[in-house]
Amino acid sequence: MNFLFESVLKGDKVLDLGCGNGRFYPLLKETQYIGVDPSSELIKIAKEDYPQGEFLVAYGNDLPFEDEYFDKIYSIAVLHHLPSIKSRKELLNEAKRVLKKGGVMILTVWNLEEKTKGEVDVFIPWYGSKGTYFHCFNLKELIQLAKELDFEVIKSGEILIGKKPYSNFYLILKK
């Protein structure tokens with residue numbers, strides 16, 4: 001997955017949309033990094049682990065930034081948690097709003113096709129919860145969603161995370 005971070009330039013304004021505990025900060029620390037997440041608990045952990053980073057509690061559909069502020073946006077393993085097409089489009093449209101013209105958005109979603117046997121929406125036990133919501137994207141659906149919102153798809157594919165069946169679908173998009 002590290003190849004998704006290779007095009008980042010020192011000084012780029014980068015948004016980590018859905019940063020969680022800040023785990024990607026070390027890969028982006030040479031940039032003007034800002035991580036946002038709706039979970040105040042995860043933002044607290046990110047600030048403790050990476051005090052030199054900038055982390056804010058914010059929702060992806062209502063970002064506290066000016067139009068065309070960021071050079072790059074990363075949204076790693078976020079979109080599949082949003083429970084409706086409306087909420088997915090709101091997040092992507094808001095990301096597009098704060099992304100500079102010609103800017104790049106990199107997003108990934110979990111590939112759950114082999115695990116869910118064709119189900120589209122599932123609840124999977126996650127970190128002690130009885131079930132966390134996941135939308136089971138296929139790559140074609142993900143590409144179609146990006147194109148509907150007028151993103152240019154630069155590259156798409158699947159990234160193995162360990163051994164099969166653990167993988168993510170990814171898109172590299174241009175505004």
Return the subset of Lys117/Lys147; Lys10/Lys147; Lys117/Lys140; Lys29/Lys130; Lys44/Lys101; Lys96/Lys140 for which the Cα-Cα distance in this structure is over 24 Å, preserving the input order. Lys117/Lys147; Lys10/Lys147; Lys29/Lys130; Lys44/Lys101
If you take the charge dipole of the range 2-174 about its Cα centre, with +1 on Lys and Arg Cβ and -1 on Asp and Glu Cβ, which of Thr132, Ser75, Val120 is farthest toward its positive end? Val120
Give the calculated FRET efficiency between Leu139 and Asp49 to the nearest 0.05, with a Förster radius of 30 Å applied to their Cβ-Cβ distance. 0.40
Can you work out the base-10 log of I(q)/I(0) for the range 2-174 at q = 0.14, 0.15 1/Å, using the Debye formula on its C-alpha atoms alone? -0.74, -0.86
Who wins for biggest fluctuation among Gly162, Gly118, Gly103 in a Gaussian network model of the chain, springs between alpha carbons below 10 Å? Gly162
Fewest-first ranking of Phe70, Phe137, using other Cβ atoms within 10 Å as the exposure measure: Phe137, Phe70
Counting other beta carbons within 10 Å of each Cβ, put Thr31, Thr116 in order, fewest first. Thr116, Thr31
Residue of Gly35, Gly20, Gly53 that the Gaussian network model of the chain assigns the largest fluctuation, springs spanning Cα pairs under 10 Å: Gly53
If we count other beta carbons within 10 Å of each Cβ, what is the order of Thr132, Thr108, fewest first? Thr132, Thr108
Can you list residues whose amide H is under 5 Å from Asn138's amide H, if they're 5+ apart or on another chain and H is modeled 1.01 Å from N? none
Identify which of Ile85, Ile159, Ile143 has the largest mean-square fluctuation in a Gaussian network model of the chain, with springs joining Cα atoms closer than 10 Å. Ile85
If we count every other residue with Cβ under 13 angstrom of Leu56's Cβ, Lys/Arg +1 and Asp/Glu -1, where does the sum land? -2
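Each value in this text was obtained by applying a stated rule to the coordinates, not by laboratory testing. As the structure is a computational prediction, the values presented were derived from the model and not from experiment. Here the Cβ is made from the backbone with ideal geometry for all residues, glycine too, and neighbour counts use every protein chain on show.
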